[in-house]
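Peer 1: Structure below; questions to follow.
The values are calculated or read from the model by the stated rules, or taken from the named source; none is laboratory data. It should be emphasised that the depicted structure is a prediction, and the values quoted were computed from it without experimental measurement. Here the Cβ is made from the backbone with ideal geometry for all residues, glycine too, and neighbour counts use every protein chain on show.
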Amino acid sequence: MNGLKKLINHPEQVVEEMIEGILLAHPGRFERIEKTTVLTRKSTVQLNKVGLVSGGGSGHEPAHVGYVGEGMLDAAVFGEVFTSPTPDQILEAIKAVDYGKGVLLIIKNYTGDVMNFEMAQELAEAEGIQVEKVIVADDVAVEDSTFTIGRRGIAGTVLVHRIAGAMAETGATLQEVKEAAEKVINNVRSMGMAISACTVPAAGKPSFQLADDEMEIGIGIHGEPGINRTKIQSSKEVASILVNKILADFNYENSEVAVLINGLGATPEMELYILNKEVQRILTEKNVAIYKTWVGEYMTSLEMSGVSVTLLKLDNQMKELFAQKVNTLTFQE
Amino acid sequence: MNGLKKLINHPEQVVEEMIEGILLAHPGRFERIEKTTVLTRKSTVQLNKVGLVSGGGSGHEPAHVGYVGEGMLDAAVFGEVFTSPTPDQILEAIKAVDYGKGVLLIIKNYTGDVMNFEMAQELAEAEGIQVEKVIVADDVAVEDSTFTIGRRGIAGTVLVHRIAGAMAETGATLQEVKEAAEKVINNVRSMGMAISACTVPAAGKPSFQLADDEMEIGIGIHGEPGINRTKIQSSKEVASILVNKILADFNYENSEVAVLINGLGATPEMELYILNKEVQRILTEKNVAIYKTWVGEYMTSLEMSGVSVTLLKLDNQMKELFAQKVNTLTFQE
Amino acid sequence: MELTVDMAINWMEIARDKYKENKETLTMLDQAIGDGDHGINMARGYQAVVEKIAETEYDHPADVLKSVAMTLMAKVGGASGPLYGTAFMNMSMVMKGKTVDQKVLKEAIDHAITGMKQRGKSEIGEKTLLDVWDQVSSYLDSEDLSEPKEIIEVCQAVVEDTKQIQATKGRASYLNERSIGHEDPGSMSSFYLFEALAEVLEKEATV
Amino acid sequence: MELTVDMAINWMEIARDKYKENKETLTMLDQAIGDGDHGINMARGYQAVVEKIAETEYDHPADVLKSVAMTLMAKVGGASGPLYGTAFMNMSMVMKGKTVDQKVLKEAIDHAITGMKQRGKSEIGEKTLLDVWDQVSSYLDSEDLSEPKEIIEVCQAVVEDTKQIQATKGRASYLNERSIGHEDPGSMSSFYLFEALAEVLEKEATV
Ligand SMILES: Nc1ncnc2c1ncn2[C@@H]1O[C@H](COP(=O)(O)OP(=O)(O)O)[C@@H](O)[C@H]1O
Ligand SMILES: Nc1ncnc2c1ncn2[C@@H]1O[C@H](COP(=O)(O)OP(=O)(O)O)[C@@H](O)[C@H]1O
Ligand SMILES: [Mg+2]
Ligand SMILES: [Mg+2]
Ligand SMILES: [Mg+2]
Ligand SMILES: [Mg+2]
């Protein structure tokens, strides 16, 4: 062993061994494309729908494999820890889930992810497959700018999977599924914070250090430093920082929203629910109506301790799609 | 704030605020008995079944509220962090879920839990309610002795909830439900370990300290020290320590089992799946057939980093009951 | 001596102060061989006890102790809640209608011990708070209460002695022989309780 | 100079050694303003590259670089995988069928830059590895390659200069002005790559 405080065998084998463990745990759910890090949805019937592919670096579990199944994704592509998967892997996923109606790629807005998925898209198109992509950029911690890569995609991505997945399941066209996904992207915003960092297994030491009384605001999901470091504050104050930053960016007043309180890895459910209470109090004060809430771990950052808050403004179409059946490891509704 | 590295408001308010956050997040699922820390199952139909009550100290989320719902528990009683709830609260739960067929208490084998639940049982019986109890003691880390309190109840309890809950849903009698629960108790064994401790909010500091290269074997779910401290080892070696200790206690060879790989709080899903791979390899080598696997957080210990492994020997009745519908926050099958 | 309503109330007030002050000590002891909540449990319980008895009128110390029992039962939880709750309930039962002199006090404590043994399925010598109560009973049997502070020394010695014992009941029993070398947290909390009682009796004696 | 098949292979071997040796340095740099995987990505990628080219026969250095491109594309991932993959693919395209002298090398590097700019939607001066490639191109334009080791100094200076720049592309851009004061990890990895090239050319020159 390597002395790392992790329950692993070898830091460079974690993704492969995780995939094996997932397949052993859920033999009925997934199919692995041979010699790849792609898991696809196992279906007893011949599917006739738009295929949905997502993925990215590992270390965000249950993303993305937890969203593969009826009503959500058709394939998840695993990259190395915090490293986008490569075009050849993504291409295999696209080929596997092209049921004849084309494939939609749901990409989080990171340079690496965008480039690798785009290259795969080009390769697939060259093979005659119809491929579209959407890019999720929900993190209001990062400035929205045309000069930079812009905002990161974080936990809001899960809601894109959910809505696009439900839309695809109705038999909608690639263009319709893409539009549904884009509507979510345009109406979803997130913001996160951490009280402790995480350690990439192969790196062997934490990505940053926080003192015993510090927290980091505006953290991403890759152990990147955030935008601002402060003294640790109460759940009430944290909720107010996160929600106010989101509300300053997008007007959710007098609308109905879905709320996702996402734990980054080590934060106990107890604390997530306490934060939820504070978030909902603020939203109610600001005349934002809460239609639906999820509290749990949806898009993590290894063993980072922290949370993100996501708001999505709903319309009738989205509400109908949220009511549709979903059957994945993480969502069963 | 208190300087604690926790996303809370006040260390002595965590349970109350968590309950409020749960109710806000899941308005359709639970009913709170006024002025208590009891959440009951919200049902649209009049139930006619044995009522199931469990609970214990808080800090083990999703236990126990995550198991309240169709096919599992009817009420969860929240104690303070790591402290059994009091008889008056348990009594309220019993009264609320006595639908006319009696109530079964599912208790984990801790002196405090047993005494408080037994007192509640006495009080309920004095009010004319039929009450039975079962006591889960699945932790093989602790010696089984008639001179001591005996083994602790840990993650195996969740499977007792599942089977007793499914049995109750069939309309079975109190005696039948109790027998189904006891069959699980007789056939379930667990063992845990940790690589870092947890901090009770009101205590303000960790329950024990592990050096950077140490792990603790045979840990419970209350931050109690374990039975043995060693150098940190690989996932493979950890799996072998845990599984072999279980197999030494109960003969699972040539039988079919359910496997529960339970994260204690801060351990990333990635590591749980890697451990699952190792556990299943060992079981297969030892001629133990795996019928069903769960990997995730089912019975945690705040932000402790570690895992427990649970094995349950199945028979046909249990397999049928596992196939029944369940709809709770944590189980939807 | 005679334990009056005022003395019983004062006993609880002093106990509350002691638990508040020594919360960390009890937490530390319980972290070493338990789950770290004993100090929090006792502080929470006795805070509630003092609030409860402040808002009630009592005619007899037995009634005070009954309030204490009910409050501890409902506010402490864990192992110590039912045990201390049972102890005060049983003491109250013995004292009921009687003048609480040394003899009645000793009988009350004996009945408390009987109740706790039954509730906890435990015996003296298992490294629990019972060990302290047992020695207090013996002391009340053999000595007159002219110097109540002697109770403190008696209890202190028992707490010290629990260090040598391997726990066979409660959470500490999970540690097997690793429980040896640590004082029992419940014995320590009983020590504070009897220290508070001794101070009340001492005050009364010197009035 | 002329870049031969053997030299191209040797270039990759030396690069692999450098990435292996300096994995921690790159990790540290990427942890400061990125996500900490750059060292791991490069070490993994070049290990695969060396394994790949060891099992293949090549007639022309362009073929070696095409293998390198394909392998990096398939084994690195992240931002650096597609960028370095594109760079080697474009270099290979330029070199194809030609004698790789200094002029062809410079053209190859220019074409690599064009490809990476397009792929990364980025420009020179945004605190990325492009800055290093750009200066290597300028150097090849203005100097003859009689002292290849000068490339190392050129690259070193660029890496040092990236410290002053605020990143507008890649992960470091999320940090806004907090990215200033840190070297760009990708520039550092490009430094190692050109350092390896310089060493190969130097060796050849002194033969
Ligand atoms: N069966 C028992 N009989 C008597 N006393 C017990 C028993 N079990 C535990 N105790 C006492 O209770 C104390 C622990 O109380 P506390 O920490 O409040 O409860 P818990 O162990 O449930 O966390 C122990 O130190 C011991 O003195
Ligand atoms: N858009 C871009 N154009 C050019 N280079 C870039 C771009 N984005 C990132 N880079 C380079 O890639 C490096 C990071 O690579 P790496 O850590 O492997 O990928 P990731 O950022 O996906 O983790 C940066 O230091 C930078 O030099
Ligand atoms: Mg990366
Ligand atoms: Mg306790
Ligand atoms: Mg305790
Ligand atoms: Mg990186």
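Peer 1: Could you check, for segment C:114-123, whether at least one of its residues is touching a residue at least 40 places away in the same chain (Cβ under 8 Å), within 16 Å of ligand 1 (Cβ to nearest atom), within 14 Å of another protein chain (Cβ to nearest Cβ) and assigned to a helix (DSSP H, G or I)?
Peer 2: Taking every residue of segment C:114-123 in turn, at least one turns out to be touching a residue at least 40 places away in the same chain (Cβ under 8 Å), within 16 Å of ligand 1 (Cβ to nearest atom), within 14 Å of another protein chain (Cβ to nearest Cβ) and assigned to a helix (DSSP H, G or I).
Peer 1: Given (1) modelled with pLDDT of 95 or more; (2) more than 16 Å from ligand 5 (Cβ to nearest atom); (3) within 21 Å of C:Ile151 (Cβ to Cβ), where does C:Met1 come up short, assuming only one miss?
Peer 2: Going through (1) modelled with pLDDT of 95 or more; (2) more than 16 Å from ligand 5 (Cβ to nearest atom); (3) within 21 Å of C:Ile151 (Cβ to Cβ) one by one, C:Met1 breaks only (1).
Peer 1: On to the next question. For segment B:67-106, give me each residue that is in contact (Cβ under 8 Å) with a residue 60 or more places away in the chain and of a type in the set (Val, Ile, Thr).
Peer 2: B:Val68, B:Val81, B:Val103, B:Ile106
Peer 1: Give, as residue ranges, the strands (runs of 3 or more DSSP E) completely inside segment B:187-244 that count at least 1 residues that are hydroxyl-bearing (Ser, Thr, Tyr). Give the derivation first.
Peer 2: On the way: elements: B:188-196, B:214-217, B:228-231.
In segment B:187-244, the matching strands (runs of 3 or more DSSP E) lie at B:188-196, B:228-231.
Peer 1: For A:Glu169, indicate whether it is more than 16 Å from ligand 5 (Cβ to nearest atom) and in contact with a Leu (Cβ under 6 Å, 6 or more places away or on another chain). Give the steps one after another, and end with the answer.
Peer 2: Details: more than 16 Å from ligand 5 (Cβ to nearest atom): yes; in contact with a Leu (Cβ under 6 Å, 6 or more places away or on another chain): no.
So A:Glu169 does not fit the description; no.
Peer 1: Now, a different point. Can you name the strands (runs of 3 or more DSSP E) wholly within segment A:9-66 that have at least 2 residues being facing another protein chain (nearest Cβ under 10 Å) and touching a residue at least 40 places away in the same chain (Cβ under 8 Å)? Walk me through it before giving the result.
Peer 2: On the way: elements: A:30-32, A:38-41, A:51-58.
Qualifying strands (runs of 3 or more DSSP E): A:51-58.
Peer 1: Which residues, counting only those in segment C:34-47, are under 17 Å from C:Ala172 (Cα atoms) and touching a Leu at 6+ places or on another chain (Cβ under 6 Å)?
Peer 2: The answer is C:His38, C:Gly39.
Peer 1: Would you confirm, using the coordinates I've provided, whether C:Asp59 is among the charged types (D, E, K, R) and either within 16 Å of ligand 3 (Cβ to nearest atom) or closer than 22 Å to B:Met119 by Cβ (or both)? I'd like the intermediate steps shown before the answer.
Peer 2: Numbers: among the charged types (D, E, K, R): yes; either within 16 Å of ligand 3 (Cβ to nearest atom) or closer than 22 Å to B:Met119 by Cβ (or both): no.
No.
Peer 1: Could you check, for segment A:136-157, whether at least one of its residues is in a strand (DSSP E or B) and in the same structural domain as A:Pro62 (by TED's automatic domain parsing)?
Peer 2: In the first step, residues of segment A:136-157 are kept if they are in a strand (DSSP E or B); the result is A:136, A:139.
After this cut, where a residue has to be in the same structural domain as A:Pro62 (by TED's automatic domain parsing) as well, the list is A:136, A:139.
Among the residues of segment A:136-157, at least one is in a strand (DSSP E or B) and in the same structural domain as A:Pro62 (by TED's automatic domain parsing), which makes the answer yes.
Peer 1: Here's something else I'd like to know. Taking segment D:55-84 on its own, how many of its residues are outside any loop (DSSP other than H, G, I, E, B) and more than 8 Å from chain A (Cβ to nearest Cβ)? Full working, then the answer.
Peer 2: First pass over segment D:55-84, keeping only residues outside any loop (DSSP other than H, G, I, E, B): D:61-75, D:80-84.
Narrowing further to those that are more than 8 Å from chain A (Cβ to nearest Cβ): D:61-72, D:84.
Residues in segment D:55-84 being outside any loop (DSSP other than H, G, I, E, B) and more than 8 Å from chain A (Cβ to nearest Cβ): 13 in total.
Peer 1: Please state which one of B:Gly128, B:Gly112, B:Gly102 is of a type in the set (Gly, Ala, Ser), over 26 Å from B:Val295 (Cβ atoms) and out of contact with any strand residue (DSSP E or B) (no Cβ under 9 Å at 6 or more places or on another chain).
Peer 2: Working: B:Gly112 fails: out of contact with any strand residue (DSSP E or B) (no Cβ under 9 Å at 6 or more places or on another chain); B:Gly102 fails: out of contact with any strand residue (DSSP E or B) (no Cβ under 9 Å at 6 or more places or on another chain).
Of B:Gly128, B:Gly112, B:Gly102, the one residue that is of a type in the set (Gly, Ala, Ser), over 26 Å from B:Val295 (Cβ atoms) and out of contact with any strand residue (DSSP E or B) (no Cβ under 9 Å at 6 or more places or on another chain) is B:Gly128.
Peer 1: Can you tell me which residue within segment B:79-93, out of those that are away from ligand 4 (no atom under 16 Å from the Cβ) and more than 19 Å from the chain's Cα centre (by Cα), is nearest to the other protein chains (Cβ to nearest Cβ)? Break it down into steps so the answer makes sense when it comes.
Peer 2: In the first step, residues of segment B:79-93 are kept if they are away from ligand 4 (no atom under 16 Å from the Cβ); the result is B:88, B:91-93.
Filter once more, keeping what is more than 19 Å from the chain's Cα centre (by Cα): B:88, B:91-92.
Working: B:Asp88: 5, B:Leu91: 10, B:Glu92: 11 Å.
Checked segment B:79-93; the qualifying residue nearest to the other protein chains (Cβ to nearest Cβ) is B:Asp88.
Peer 1: While we're looking at this one, here's another question. Given the criterion more than 16 Å from ligand 5 (Cβ to nearest atom) and modelled with pLDDT under 95, identify the matching residue among D:Lys169, D:Lys163.
Peer 2: Details: D:Lys163 fails: modelled with pLDDT under 95.
On inspection, the qualifying residue turns out to be D:Lys169.
Peer 1: Test of understanding: among C:Leu129, C:Leu201, which residue is aliphatic (A, V, I, L, M) and more than 14 Å from chain B (Cβ to nearest Cβ)?
Peer 2: Details: C:Leu129 fails: more than 14 Å from chain B (Cβ to nearest Cβ).
Among C:Leu129, C:Leu201, only C:Leu201 is aliphatic (A, V, I, L, M) and more than 14 Å from chain B (Cβ to nearest Cβ).
Peer 1: Moving on. Is it the case that some residue within segment C:54-75 is on the phi > 0 side of the Ramachandran plot and more than 16 Å from ligand 1 (Cβ to nearest atom)? Steps first, please.
Peer 2: In the first step, residues of segment C:54-75 are kept if they are on the phi > 0 side of the Ramachandran plot; the result is none.
No: zero hits.
Peer 1: Does any residue of segment B:112-120 turn out to be touching a residue at least 24 places away in the same chain (Cβ under 8 Å) and more than 30 Å from C:Tyr174 (Cα to Cα)?
Peer 2: No, segment B:112-120 contains no residue that is touching a residue at least 24 places away in the same chain (Cβ under 8 Å) and more than 30 Å from C:Tyr174 (Cα to Cα).
Peer 1: Would segment A:95-104 turn up any residue that is farther than 28 Å from A:Thr146 by Cα, part of a helix (DSSP H, G or I) and either at pLDDT 95 or above or more than 14 Å from chain D (Cβ to nearest Cβ) (or both)?
Peer 2: Here is the first cut: in segment A:95-104, the ones farther than 28 Å from A:Thr146 by Cα are A:95-102.
Remaining after also requiring part of a helix (DSSP H, G or I): A:95-96.
Applying the additional criterion that residues be either at pLDDT 95 or above or more than 14 Å from chain D (Cβ to nearest Cβ) (or both) yields A:95-96.
Yes - at least one qualifying residue is present in segment A:95-104.
Peer 1: Here's another thing I want to ask about it. In segment B:218-251, how many are of a type in the set (Asp, Glu), within 21 Å of C:Gly170 (Cα to Cα) and away from ligand 5 (no atom under 16 Å from the Cβ)?
Peer 2: Initially, segment B:218-251 is screened for residues of a type in the set (Asp, Glu), giving B:224, B:237, B:249.
Retained after the next criterion (residues that are within 21 Å of C:Gly170 (Cα to Cα)): B:224.
Checking the rest, the ones that are also away from ligand 5 (no atom under 16 Å from the Cβ) come to none.
Summing the residues that are of a type in the set (Asp, Glu), within 21 Å of C:Gly170 (Cα to Cα) and away from ligand 5 (no atom under 16 Å from the Cβ) in segment B:218-251 gives 0.
Peer 1: Which residue is surrounded by the most Cβ atoms within 10 Å (Cβ to Cβ), if the candidates are limited to segment B:245-264 and must be of a type outside the set (Gly, Ala, Ser) and part of a helix (DSSP H, G or I)? Let's see the steps before the verdict.
Peer 2: Pass one, segment B:245-264, residues of a type outside the set (Gly, Ala, Ser): B:245-247, B:249-254, B:256-257, B:259-262, B:264.
Now restrict to residues that are part of a helix (DSSP H, G or I): B:245-247, B:249.
Working: B:Lys245: 19, B:Ile246: 23, B:Leu247: 18, B:Asp249: 16.
Only one residue tops the list, namely B:Ile246.
Peer 1: Can you report the number of residues in segment B:101-149 which are among the small types (Gly, Ala, Ser), crowded, with 17+ Cβ neighbours inside 10 Å and closer than 21 Å to B:Lys245 by Cβ? Show your work before the answer.
Peer 2: Narrowing segment B:101-149 to residues among the small types (Gly, Ala, Ser): B:102, B:112, B:120, B:124, B:126, B:128, B:137, B:141, B:145.
The next check asks that each one be crowded, with 17+ Cβ neighbours inside 10 Å; those that pass are B:102, B:112, B:120, B:124, B:137, B:141.
Right, trim to closer than 21 Å to B:Lys245 by Cβ and you get B:137, B:141.
Here the count works out to 2.
Peer 1: Tell me yes or no: at least one residue of segment D:142-158 is closer than 29 Å to A:Val142 by Cβ and at pLDDT 95 or above.
Peer 2: Narrowing segment D:142-158 to residues closer than 29 Å to A:Val142 by Cβ: D:158.
Subsequent filtering for residues that are at pLDDT 95 or above retains D:158.
The answer is yes, given that some residue of segment D:142-158 is closer than 29 Å to A:Val142 by Cβ and at pLDDT 95 or above.
Peer 1: Here's a follow-up. Name the residue that is surrounded by the fewest Cβ atoms within 10 Å (Cβ to Cβ), counting only residues in segment D:107-133 that are of a type in the set (A, V, I, L, M) and farther than 22 Å from A:Ser145 by Cα. Lay out the reasoning, then the answer.
Peer 2: Step one: filter segment D:107-133 for residues of a type in the set (A, V, I, L, M), giving D:108-109, D:112-113, D:116, D:124, D:129-130, D:132.
With farther than 22 Å from A:Ser145 by Cα added as a condition, the list becomes D:108-109, D:112-113, D:132.
Values: D:Ala108: 27, D:Ile109: 23, D:Ala112: 27, D:Ile113: 19, D:Val132: 26.
The extreme case among them is D:Ile113.
Peer 1: Mind checking whether some residue in segment A:125-132 is among the acidic types (Asp, Glu), touching a helix residue (DSSP H, G or I) at 6+ places or on another chain (Cβ under 8 Å) and away from ligand 2 (no atom under 15 Å from the Cβ)?
Peer 2: Of segment A:125-132, the ones among the acidic types (Asp, Glu) are A:125, A:127, A:132.
Now narrow it down to the ones that are touching a helix residue (DSSP H, G or I) at 6+ places or on another chain (Cβ under 8 Å): A:127, A:132.
Those left that are additionally away from ligand 2 (no atom under 15 Å from the Cβ): A:127, A:132.
Within segment A:125-132, one or more residues are among the acidic types (Asp, Glu), touching a helix residue (DSSP H, G or I) at 6+ places or on another chain (Cβ under 8 Å) and away from ligand 2 (no atom under 15 Å from the Cβ).
Peer 1: What pairs can you find where one residue is in segment D:145-156 and touching a residue at least 60 places away in the same chain (Cβ under 8 Å), the other is in a loop (DSSP other than H, G, I, E, B) and surrounded by 13 or more Cβ atoms within 10 Å (Cβ to Cβ), and their Cβ atoms are less than 6 Å apart, with a gap of 6+ or different chains?
Peer 2: Correct list of pairs: D:Leu145/D:Met1.
Peer 1: Hey, among the residues in segment C:9-47 that are in a loop (DSSP other than H, G, I, E, B) and of a type outside the set (Gly, Ala, Ser), which one's surrounded by the most Cβ atoms within 10 Å (Cβ to Cβ)?
Peer 2: Taking segment C:9-47 first, the residues in a loop (DSSP other than H, G, I, E, B) are C:22, C:34-37.
Filter again for of a type outside the set (Gly, Ala, Ser), leaving C:22, C:35, C:37.
Values: C:Asn22: 20, C:Asp35: 29, C:Asp37: 35.
Filtering segment C:9-47 for residues that are in a loop (DSSP other than H, G, I, E, B) and of a type outside the set (Gly, Ala, Ser), the one surrounded by the most Cβ atoms within 10 Å (Cβ to Cβ) comes out as C:Asp37.
Peer 1: Any chance you could count how many residues in segment B:205-259 are over 23 Å from the mean Cα position of the chain (by Cα) and of a type outside the set (S, T, N, Q)?
Peer 2: Selection size over segment B:205-259: 12.
Peer 1: Shifting gears a bit: Kindly list the number of the only condition in (1) in contact with a Ser or Thr (Cβ under 6 Å, 6 or more places away or on another chain); (2) within 13 Å of chain B (Cβ to nearest Cβ) that fails for A:Lys313.
Peer 2: Of the numbered conditions (1) in contact with a Ser or Thr (Cβ under 6 Å, 6 or more places away or on another chain); (2) within 13 Å of chain B (Cβ to nearest Cβ), the odd one out for A:Lys313 is (2).
Peer 1: Suppose we filter segment A:292-328 for residues that are outside any strand (DSSP E or B), among the charged types (D, E, K, R) and surrounded by 24 or more Cβ atoms within 10 Å (Cβ to Cβ); how many remain? Lay out the reasoning, then the answer.
Peer 2: Our first condition is that a residue be outside any strand (DSSP E or B); within segment A:292-328, this holds for A:297-300, A:302, A:314-326, A:328.
After this cut, where a residue has to be among the charged types (D, E, K, R) as well, the list is A:297, A:315, A:319-320, A:325.
Next, only the ones that are surrounded by 24 or more Cβ atoms within 10 Å (Cβ to Cβ) stay: A:297.
Within segment A:292-328, residues that are outside any strand (DSSP E or B), among the charged types (D, E, K, R) and surrounded by 24 or more Cβ atoms within 10 Å (Cβ to Cβ) number 1.
Peer 1: Let me ask you something else. Taking the stated definitions as given, is A:Ala180 in contact with a helix residue (DSSP H, G or I) (Cβ under 6 Å, 6 or more places away or on another chain) and within 14 Å of chain D (Cβ to nearest Cβ)? So that I can check it myself, show each step before the final result.
Peer 2: Values: in contact with a helix residue (DSSP H, G or I) (Cβ under 6 Å, 6 or more places away or on another chain): yes; within 14 Å of chain D (Cβ to nearest Cβ): no.
In short, no.
Peer 1: Residues to consider are B:Leu159, B:Leu210; find the one that is surrounded by 18 or more Cβ atoms within 10 Å (Cβ to Cβ) and within 10 Å of another protein chain (Cβ to nearest Cβ). Can you show your working first?
Peer 2: On the way: B:Leu159 fails: within 10 Å of another protein chain (Cβ to nearest Cβ).
When all the criteria are applied, what remains is B:Leu210.
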